[in-house]
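The values are calculated or read from the model by the stated rules, or taken from the named source; none is laboratory data. Not measured: the values here are computed from a predicted model. Ideal geometry is used to build each Cβ from the backbone, glycine not excepted, and the neighbour counts take in all protein chains shown.
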Amino acid sequence: MQKPSRPLRLGTRGSPLALAQAHMTVAALRARHGWDEGAVEIVVVQTSGDRIQDRALADIGGKALWTKELDRALASGEIDFAVHSMKDVETIRPAEIRIAAMLPRADVRDRLVGADDFAALPERPVVGTSSPRRAAQVRRLRPDAQVVLFRGNVATRLARLDRGEAHATLLAAAGLDRLGQGDVGVAIPVDVMLPAPSQGAVGIETLSGDEAMLDLLAAISDADTFDCVMAERAVLAGLGGTCHSPIAAFARLEDGQVRLRAEIISPDGRETVGETARIERGDAAAAEAMGRGLLDRASPALRLLFEA
């Protein structure tokens, strides 16, 4: 495809992982369209989520802290498209912005850093995480655990672990792999810790009305990843899920259908409501219904988390 008349501007957060994912996106576009090195310019946009590191996301605005500045840059024309870790993208997006593509999904699992497994942790272990899902799953596996807030990029969290602020922490395998740190930690099977919806997926957004940009991005989108991640996001829509709520979901293709598994967990880990179903590709209504069904079967206390 013909090189654009000017460099396309790709907006991204400035963390090492975000920049790695931006370079992956540029490489995919160049390979698919035969462009040279100057065809795409990476534009770093600092987000509120990057600036505020001492509080849980749920307490300061949720996932919008990762996206709102990039959304503004898109709407104002400062950038032509934006790249995100899909698990950081709010369930309901502005009508003027569209998820245009997803790169092939990486390892969806979490990695435990600091011990070979949860049983190897000492009594009353201290585990660092900022994720309500991971915190609830840790408490389910180790009711004696104390969970402390760990925010920041991968290097920051690993440094805090090295300083002895916790016995262990949890990080996404995909992020570690993309940073060249695939030897860090021990992968946890999804049957033990079901991942966050969209974990391991990189998404690219642009303006809904920019047909040329939509076409360019569609050419690099991985259809299998897209369909599975959108099913997981539809579960979130059915739940009305927020950063406050411990939610896990994972979809994969089996015999042309989507095998979708999801669960909601009480913050103390004592209650889990889960379901597994096969749905057709693109059947968002069925995935949303799964989310609503989980709530219908939850205790009043667990259901209340999703009504706040």
Can you find a residue that is surrounded by fewer than 22 Cβ atoms within 10 Å (Cβ to Cβ), assigned to a loop (DSSP other than H, G, I, E, B) and of a type outside the set (A, V, I, L, M, F, W, C) anywhere in segment 168-178?
no
Residues that are in a helix (DSSP H, G or I), surrounded by fewer than 22 Cβ atoms within 10 Å (Cβ to Cβ) and at pLDDT 95 or above: does segment 188-198 have at least one?
no
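Looking at Ala27, Ala22, which one is at pLDDT 95 or above, in a helix (DSSP H, G or I) and touching a Ser or Thr at 6+ places or on another chain (Cβ under 6 Å)? So that I can check it myself, show each step before the final result.
Working: Ala27 fails: touching a Ser or Thr at 6+ places or on another chain (Cβ under 6 Å).
Just a single option satisfies the conditions, and that option is Ala22.
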Could you please let me know if Arg252 is within 17 Å of Asp227 (Cα to Cα) and touching a residue at least 60 places away in the same chain (Cβ under 8 Å)?
no
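Select from segment 250-287 the residues that are among the acidic types (Asp, Glu) and either loosely packed, with under 14 Cβ neighbours inside 10 Å or under 28 Å from Arg139 (Cβ atoms) (or both) and write down the one among them that is farthest from the chain's Cα centre (by Cα). If you could, list the steps in order and put the result at the bottom.
First pass over segment 250-287, keeping only residues among the acidic types (Asp, Glu): 254-255, 263, 268, 271, 275, 280, 283.
Adding the requirement that they be either loosely packed, with under 14 Cβ neighbours inside 10 Å or under 28 Å from Arg139 (Cβ atoms) (or both) leaves 254-255, 263, 268, 271, 275, 280.
Numbers: Glu254: 22, Asp255: 26, Glu263: 16, Asp268: 22, Glu271: 23, Glu275: 20, Glu280: 23 Å.
Within segment 250-287, the match that is farthest from the chain's Cα centre (by Cα) is Asp255.
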For segment 215-229, what are the residues that are assigned to a helix (DSSP H, G or I) and small (Gly, Ala, Ser)?
Ala218, Ala223
Give me a count of the residues in segment 89-116 that are at pLDDT 95 or above and within 24 Å of Arg252 (Cβ to Cβ).
14
Run down Glu96, Glu78 and say which single residue is surrounded by fewer than 18 Cβ atoms within 10 Å (Cβ to Cβ) and in contact with a Lys or Arg (Cβ under 9 Å, 6 or more places away or on another chain).
Glu78
Unique match (being outside the structural domain of Val83 (by TED's automatic domain parsing), closer than 24 Å to Phe81 by Cβ and not hydroxyl-bearing (Ser, Thr, Tyr)) among Met193, Met230, Met213
Met230
